[in-house]
Amino acid sequence: MKIAPKFKFDLDYKVSPKVIIIALSVVLCALLLVVAVRNIPREISLLEYDNFLQSRSIQSAEISGEKLVFHAGGKNYYVLKDSINLNELAQTVAIKAPSEYGEDLFLLVLLAACGFMVFVILRRRQSFAVSATQTAQNDLEGAVSGAQIVPAISNVRFGDVAGIDEVKFELMEIVDFLKNPSKYRDFGIRVPKGVLMIGPPGVGKTLVAKAVAGEAGVPFFYQSGASFVQIYVGMGAKRVRELFSKAKAYAPSIVFIDEIDAVGKARGGGRNDEREATLNQLLTEMDGFTDNSGVIVIAATNKIEMIDEALLRSGRFDRRVFLSLPDASDRAAILQTYLRGKKCAANVQNIAQNTTGFSGAGLATLVNEAAINALREGRETITDADFAAVEGKVLHGKRKFYSLSREEKEIQALYKAAKALAAEWFGVNFDKISLLEDRFLLSDDFLESKTALLARIKVALAGAAALKVYKNELFTNAANDVAEARELAKSLVVDYAMSGGLLGSNSDIKDVLDGCESEVEEFVKGCERSLLAVQDYLARKESVTREELAQIIKESYES
């Protein structure tokens, strides 16, 4: 049973011309009345005028006969011109002569606009229904299809991108093809249609793609994978068609799809018809490329395991380029790049050594924050102190520092002193250890030994061991370190099979933790003199570097 709608709009209704003209006449009269009333200036006293003048609220002024008419605060006012000092007013605002045709011209324009509206309505009133329907359709498509696809010319070159020497070699062939396509065609070479760049966030995948476009001097079409994901069926596929159509029209060109896993996720499980339709359209467009089309597709992702196999097969993304986090030499080169044009007296090599785990984007942020810190301190040159001041903020975010009581400071100083001594003894590299945070340095080594993993577990347990031995008590400050020790022991036993055979068990994990705990307790018992000296230093200074620790240990044995 169908229920008739309560309201029905008849799009074929023909509006009478008389009704239109009468309505427009009423609107025109209302506008003229508003303009006339609003423009009538109000007389004010000299005191009020002086207040406007002193507060510099007068926006414009003109002489009209014996009056000075001025505009302030959205309204018009006037005073007798002979009662004021015009030279004083002229110092704050230009005084102009009245416009002879200003209001008349405004009225003529208004009348012409109304006449034009009457003409348009009368000519097109028969096609209102069709126009409304078409407009609604266009609005819907425009709303869901996103911004217009336009190419950009990249000004980034390989010289602007540091720390990717191996990647540059892979991509220079793509650049050469875009510059000299005939050389490859004449030799019978099929150039890769697509290049997939894989790497963690912040390593510079987008920057590398821009550098390829900049070196080749070709148009660059940037799209995010998320921009193809639409809620309306067919809109994502339509946007894919538009993108590749534009790229072919501007060939040779580069299409860069960032976070392609958003649209190229493996099909199956949770079905999404719109996403599958978009992915199918992308596969079709890449299959439709001829070898000499002059369009190269570069995509980026940090989740290659999620991408559909059909997108990865030969003939689509033939070449894969892996970008990893930069090592020490790469970090030094990246830092030098971002420090260009800045006054810097810092030791770049030391900073590079102390920033293991930073991505290229992280290093850019580090340099910028260090420059801000130097400016905040009133200096024109960036120093090592500026980098040290912001390094933890960039890597971990700004943290709240708690106020410790005297007893809490004594306990925390003993806890951290034990960790510092254990790190020095067992060979775990660190930059600085303070009462509330540690700055252990990650290693750039590809391999890590069982001894190194056990050393890290012992350092994590050293603080709790010292409290157990010297305070006969345990405290909640060990929570994070205990969790880290458990994770390391689990990795050592289960992931790396370094203890308990190939099938490590919870019992094997417990044995590793118990052994490390027993060894580190014996260690803190045997270095009481140095431990108490470092505790006293931390309680006073609140932090200790590796160099300062070595000096404290030396002095404790000499005394």
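The values are calculated or read from the model by the stated rules, or taken from the named source; none is laboratory data. Keep in mind the model is a prediction, meaning the values are calculated, not measured. Positions of Cβ are generated from backbone atoms using ideal geometry, with glycine treated the same way; all protein chains shown enter the neighbour counts. Ligands, DNA and RNA are excluded from the accessible area calculation, which covers all protein heavy atoms including side chains. Shrake-Rupley method; radii C 1.70, N 1.55, O 1.52, S 1.80 Å.
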_For Ile44, residues with placed amide H under 5 Å, excluding near neighbours_ = Tyr78
*Estimate the FRET efficiency between Lys343 and Leu502 by the formula 1/(1 + (r/R0)^6), using the beta-carbon distance for r and 35 Å for R0, to the nearest 0.05.*
0.05
_Dipole magnitude of region 38-82 about its Cα centre (Cβ charges: Lys, Arg +1; Asp, Glu -1), debye to nearest 20_ = 220 debye
*How high is the FRET efficiency between Glu377 and Thr451 when r is their beta carbon distance and R₀ equals 35 Å, given to the nearest 0.05?*
0.25
*asked:* If I model a spin label at Glu555 and Asp431 as a point 7 Å from the Cα along the Cα→Cβ vector, what separation in nanometres do I get?
replied: 2.5 nm
*Tell me which lysines have Cα within less than 16 Å of Lys193's Cα, excluding those fewer than 8 residues away on the same chain?*
Lys179, Lys248
*Spatially proximal lysines relative to Lys343 (Cα-Cα < 27 Å; intrachain offsets below 8 disregarded)*: Lys393, Lys398, Lys432
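Check each of the chymotrypsin sites (Phe, Trp or Tyr not before Pro) in region 411-464 and keep only those in coil by DSSP with at most 13 other C-beta atoms within 10 angstrom; list them in order.
Phe446
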*asked:* Tell me the accessible surface of Leu447 in square angstrom (1.4 angstrom probe, heavy atoms of protein chains only), to the nearest ten.
replied: 140 Å²
*asked:* Per 0.36 nm of contour for each residue apart, how much would the distance between Lys96 and Tyr250 grow if the chain were fully extended, relative to their Cα-Cα spacing?
replied: 50.1 nm
*For region 302-369, report the translational diffusion coefficient in µm²/s to the nearest whole number, using Stokes-Einstein at 10 °C, 1.306 mPa s, and a Kirkwood Rh over Cα pairs.*
111 µm²/s
_Taking only Cα atoms of region 474-559, what ratio of Rg to Rh do you get with Rh as the Kirkwood inverse-distance radius?_
1.12
*asked:* Could you tell me which residue out of Ile198, Tyr250, Phe220 lies farthest along the dipole of region 151-256 toward its positive end? Charges go on the beta carbon: Lys and Arg +1, Asp and Glu -1, centred on the Cα centre.
replied: Tyr250
*Restricting attention to region 447-551, which trypsin sites (Lys or Arg not before Pro) occupy a DSSP loop and are surrounded by at most 13 other Cβ atoms within 10 Å?*
Lys471
*Which of the chymotrypsin sites (Phe, Trp or Tyr not before Pro) found in region 165-261 are in a DSSP loop and have at most 13 neighbouring Cβ atoms, other than their own, within 10 Å?*
Phe187, Tyr232
*asked:* Give me P(r) over region 193-266, computed from all C-alpha to C-alpha distances, binned every 10 Å, as integer percentages.
replied: 17, 49, 30, 4
*By what distance, in whole Å, do the Cα atoms of region 248-387 stretch along each of the three principal axes, largest value first?*
58, 37, 26
*Between Ser60 and Asp82, what FRET efficiency comes out of the Förster formula 1/(1 + (r/R0)^6) with R0 = 22 Å and r the beta carbon distance, rounded to 0.05?*
0.60
*Cα-based reach from Lys96 at 30 Å (exclusive), listing lysines while leaving out same-chain residues under 8 positions away*: Lys67, Lys75, Lys81
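For region 154-198, take the alpha-carbon Rg, divide it by the Kirkwood Rh, and send me Rg/Rh.
With Rg and the Kirkwood Rh in hand, the quotient comes to 1.01.
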